[in-house]
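Q: The structure under discussion is supplied below as structure tokens; questions concerning it will follow.
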Amino acid sequence: MSRRTVSRTYPIDRIRTEFPILGTTMRGKPLAYLDSGATSLKPQVVVDAELHYLTRISANIHRGVYQLSEEATVRFDEARDSVRQFINAGDEGEVIFTKNATESSNIIAFGWGRKFLKTGDEIITTELEHHANLVPWQQVAAATGAKLLFVPLDPVGRVSPDAVESVVTERTRVMAVTGMSNVTGYMPPLRDIAAIARRAGAVFVVDGAQLVSHHPVDVQSLGCDFLTFSAHKMCGPTGVGALYGRRDLLEAMDPLLYGGDMIVRVGKESATFKGVPDKFESGTPNISGVIGFGAAVRYLQGIGMEAIAGHEQELLAHAVRRVGEVPGVAIYGPVTEQGVAGGVSEPGGILSFNLGDLHPHDVGAVLDGEGVAVRTGFHCAQPMMQFLGVPGTVRASFYLYNTFEEIDRLVDALNKTLEVFS
Ligand SMILES: Cc1ncc(COP(=O)(O)O)c(C=O)c1O
């Protein structure tokens with residue numbers, strides 16, 4: 001059966017066959033996976049790429065002079081080039097493999113912030129942030145005497161360039177902002193913020209954990225200095241992520257970890273280190289994960305990030321309308337106001353809501369029984385929950401493989417939840 005999608009050219013049926021898990025059931029019902037904001041499903045090509053390394057190569061990189069080790073190194077380097085192309089970084093030294101977006105944020109905060117921030121310097125951020133792009137900065141502020149300042153959000157949780165300007169001072173050194181809220185899907189006006197950061201002489205850090213998986217990103221035209229993201233949210237494996245950084249900034253920074261693979265020469269008392277990216281990649285990396293990451297970004301590119309973003313917009317429009325019809329539903333974030341047609345910025349494919357005064361976990365438990373997987377709770381974004389005035393939300397998040405029918409099943413399951421708790 002062909003699944004409804006407004007764009008007739010979007011190959012939804014083919015895409016669904018490429019994700020083996022979509023043929024399975026949960027609690028005896030066909031799986032409706034609406035939790036890609038937490039982690040995405042994996043297509044067979046990614047599994048195959050990892051399996052090939054594990055069963056046919058298996059050797060360590062950069063170390064051996066034998067064929068298998070050389071092959072491992074070639075595949076590893078190919079993956080770096082694929083990720084570089086995916087975000088249009090200028091050169092491969094600007095793409096560091098990490099274990100996830102959280103580690104990437106910590107490398108920036110401790111490698112750059114801890115080294116260069118001084119007492120009284122200011123770090124600008126927002127209440128939209130995932131803890132991964134907030135807690136490391138809190139730690140670095142405490143260690144250096146720098147101050148954290150928050151951009152005032154508008155009533156539905158948006159950031160305007162004027163609001164950003166209102167907190168910029170001559171002490172602004174860092175602006176650390178999410179590319180897409182993992183709670184509401186809201187995408188701040190990054191280009192405007194980049195221009196403000198440039199004028200202020202501040203380093204601009206973008207948390208791309210949600211953005212990069214769902215929208216085309218070109219770090220050069222965006223004008224960010226750092227970008228963090230995780231493979232597992234973009235069809236790749238868990239345990240691997242990336243940090244993009246401007247070469248001159250990376251070169252000036254200290255690594256977070258020291259040890260093998262990142263050194264040039266080691267004496268008894270001291271050592272000298274390689275350049276980028278190696279100095280940030282000490283120890284044996286997640287080789288199969290990195291190779292799977294490369295396969296994932298090539299897979300996404302094959303479909304096209306514009307096409308994926310367009311598909312998600314259509315799913316979101318359907319979800320806003322259908323979920324909004326469920327009695328007692330409260331939807332959070334800019335989608336309620338600007339609709340899905342845009343406004344100052346486009347929303348990503350995430351819908352956060354609550355159902356009457358039911359606890360999000362209770363709602364999630366009934367949905368689980370209907371085969372519908374959603375996220376419930378505070379989504380590692382407690383300041384955002386405080387802003388919304390709720391302890392948590394139910395979050396449905398969409399990706400390239402989701403369908404209108406799955407959203408309809410979510411709506412049916414929400415109506416069932418109301419019956420169960422009536
Ligand atoms: C916006 C955002 N930033 C950072 C992260 C952290 O990603 P990871 O857990 O892969 O490090 C997440 C994960 O949900 C996220 O949604």
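Q: Which residues, taken from segment 272-317, are among the small types (Gly, Ala, Ser) and open to solvent by less than 40 Å² (accessible area, probe 1.4 Å)?
A: Ser282, Gly283, Ser288, Gly289, Gly292, Gly294, Ala295, Ala296, Gly304, Ala309, Gly310, Ala317
Q: For segment 410-422, enumerate the residues that are out of contact with any helix residue (DSSP H, G or I) (no Cβ under 9 Å at 6 or more places or on another chain) and either crowded, with 23+ Cβ neighbours inside 10 Å or within 14 Å of Ala373 (Cα to Cα) (or both).
A: Asp412
Q: Within segment 18-37, work out how many residues are more than 16 Å from the ligand (Cβ to nearest atom), in contact (Cβ under 8 Å) with a residue 24 or more places away in the chain and not aromatic (Phe, Trp, Tyr).
A: Within segment 18-37, the subset more than 16 Å from the ligand (Cβ to nearest atom) is 18-32.
Among the residues that remain, those that are also in contact (Cβ under 8 Å) with a residue 24 or more places away in the chain are: 18-20, 22, 25-32.
Narrowing the set further to residues that are not aromatic (Phe, Trp, Tyr) leaves 18, 20, 22, 25-32.
Summing the residues that are more than 16 Å from the ligand (Cβ to nearest atom), in contact (Cβ under 8 Å) with a residue 24 or more places away in the chain and not aromatic (Phe, Trp, Tyr) in segment 18-37 gives 11.
Q: Let me ask you something else. Taking the stated definitions as given, is Arg173 over 19 Å from Val95 (Cα atoms), open to solvent by 10 Å² or more (accessible area, probe 1.4 Å) and either touching a residue at least 40 places away in the same chain (Cβ under 8 Å) or of a type in the set (Lys, Arg) (or both)?
A: Judged against the criteria, Arg173 is a match.
Q: Follow-up question, since we're still on this one. For segment 283-401, which fully contained helices (runs of 4 or more DSSP H) count at least 2 residues that are closer than 16 Å to Asn415 by Cβ?
A: 305-324, 360-369
Q: If the requirement is being part of a loop (DSSP other than H, G, I, E, B), more than 30 Å from Pro285 (Cα to Cα) and within 16 Å of the ligand (Cβ to nearest atom), which of these qualifies: Met180, Met187?
A: Being part of a loop (DSSP other than H, G, I, E, B), more than 30 Å from Pro285 (Cα to Cα) and within 16 Å of the ligand (Cβ to nearest atom) holds for just one of Met180, Met187, which is Met187.
Q: Just name the residue that is farthest from Ala209 (Cα to Cα) out of those in segment 373-406 that are more than 16 Å from the ligand (Cβ to nearest atom) and of a type in the set (D, E, K, R).
A: Across segment 373-406, the extreme among qualifying residues is Glu405.
Q: Out of the residues in segment 111-136 that are within 13 Å of the ligand (Cβ to nearest atom) and part of a helix (DSSP H, G or I), state the one that is farthest from Asn182 (Cα to Cα).
A: Filtering segment 111-136 for residues that are within 13 Å of the ligand (Cβ to nearest atom) and part of a helix (DSSP H, G or I), the one farthest from Asn182 (Cα to Cα) comes out as Pro136.
Q: With the requirement that a residue be in contact with a Pro (Cβ under 9 Å, 6 or more places away or on another chain) and either surrounded by 24 or more Cβ atoms within 10 Å (Cβ to Cβ) or aliphatic (A, V, I, L, M) (or both), what does segment 114-128 give you? Spell out how you get there, then give the answer.
A: Within segment 114-128, the first condition is being in contact with a Pro (Cβ under 9 Å, 6 or more places away or on another chain), and the residues that meet it are 126-128.
Within segment 114-128, Thr126, Leu128 meet the criteria.
Q: Report every pair of residues separated by at least 6 positions or lying on different chains whose Cβ atoms are under 7 Å apart, first residue within segment 69-87 and assigned by TED's automatic domain parsing to the domain that holds His52, second open to solvent by 50 Å² or more (accessible area, probe 1.4 Å) and assigned to a helix (DSSP H, G or I).
A: Close Cβ pairs satisfying both conditions: Arg80/Glu92; Asp81/Glu92; Ser82/Arg298; Arg84/Glu92; Phe86/Gln301.
Q: Can you tell me which of (1) part of a helix (DSSP H, G or I); (2) β-branched (Val, Ile, Thr); (3) farther than 27 Å from Tyr332 by Cβ is the one Val212 doesn't meet?
A: (3)
Q: Restricting segment 190-209 to residues that are part of a helix (DSSP H, G or I) and hydrophobic (A, V, I, L, M, F, W, C), which is nearest to the chain's Cα centre (by Cα)? I'd like the intermediate steps shown before the answer.
A: Going residue by residue through segment 190-209, those that are part of a helix (DSSP H, G or I) are 190-200.
So of that shortlist, the ones also hydrophobic (A, V, I, L, M, F, W, C) come out as 190, 193-197, 200.
Working: Leu190: 15, Ile193: 19, Ala194: 19, Ala195: 22, Ile196: 23, Ala197: 22, Ala200: 26 Å.
The residue in question is Leu190.
Q: Can you tell me which residue is nearest to the ligand (Cβ to nearest atom) among those in segment 190-201 that are open to solvent by less than 10 Å² (accessible area, probe 1.4 Å) and over 18 Å from Leu117 (Cα atoms)?
A: By that ranking, first place goes to Ile193.
Q: Identify, please: which residue in segment 34-81 is out of contact with any Phe, Trp or Tyr (no Cβ under 8 Å at 6 or more places or on another chain) and within 30 Å of Gly185 (Cα to Cα) and is, among those, surrounded by the most Cβ atoms within 10 Å (Cβ to Cβ)?
A: Gly37
Q: Turning to a different aspect of this structure: Can you pull out the residues in segment 140-170 that are touching a residue at least 40 places away in the same chain (Cβ under 8 Å) and either within 16 Å of the ligand (Cβ to nearest atom) or in a loop (DSSP other than H, G, I, E, B) (or both)?
A: Matches in segment 140-170: Leu153, Val156, Gly157, Arg158, Ser160, Val168, Thr169.
Q: Scan segment 247-265 residue by residue and report those that are part of a strand (DSSP E or B) and either surrounded by 12 or more Cβ atoms within 10 Å (Cβ to Cβ) or under 28 Å from the mean Cα position of the chain (by Cα) (or both).
A: First pass over segment 247-265, keeping only residues part of a strand (DSSP E or B): 263-265.
Listed by number, the list holds a single entry, Ile263.
Q: Here's a follow-up. Within segment 101-110, can one find any residue that is away from the ligand (no atom under 16 Å from the Cβ) and of a type in the set (S, T, N, Q)?
A: no
Q: For segment 202-246, which residues satisfy the criterion of being open to solvent by 10 Å² or more (accessible area, probe 1.4 Å), of a type in the set (Val, Ile, Thr) and more than 20 Å from Ser40 (Cα to Cα)?
A: Across segment 202-246, the qualifying residue is only Val203.
The values are calculated or read from the model by the stated rules, or taken from the named source; none is laboratory data. Remember, it's a predicted structure, so these values are computed and weren't measured experimentally. All Cβ positions, glycine included, derive from the backbone under ideal geometry; neighbour counts span all protein chains shown. Side chains included, ligands, DNA and RNA excluded: accessible areas come from the protein's heavy atoms. Shrake-Rupley method; radii C 1.70, N 1.55, O 1.52, S 1.80 Å.
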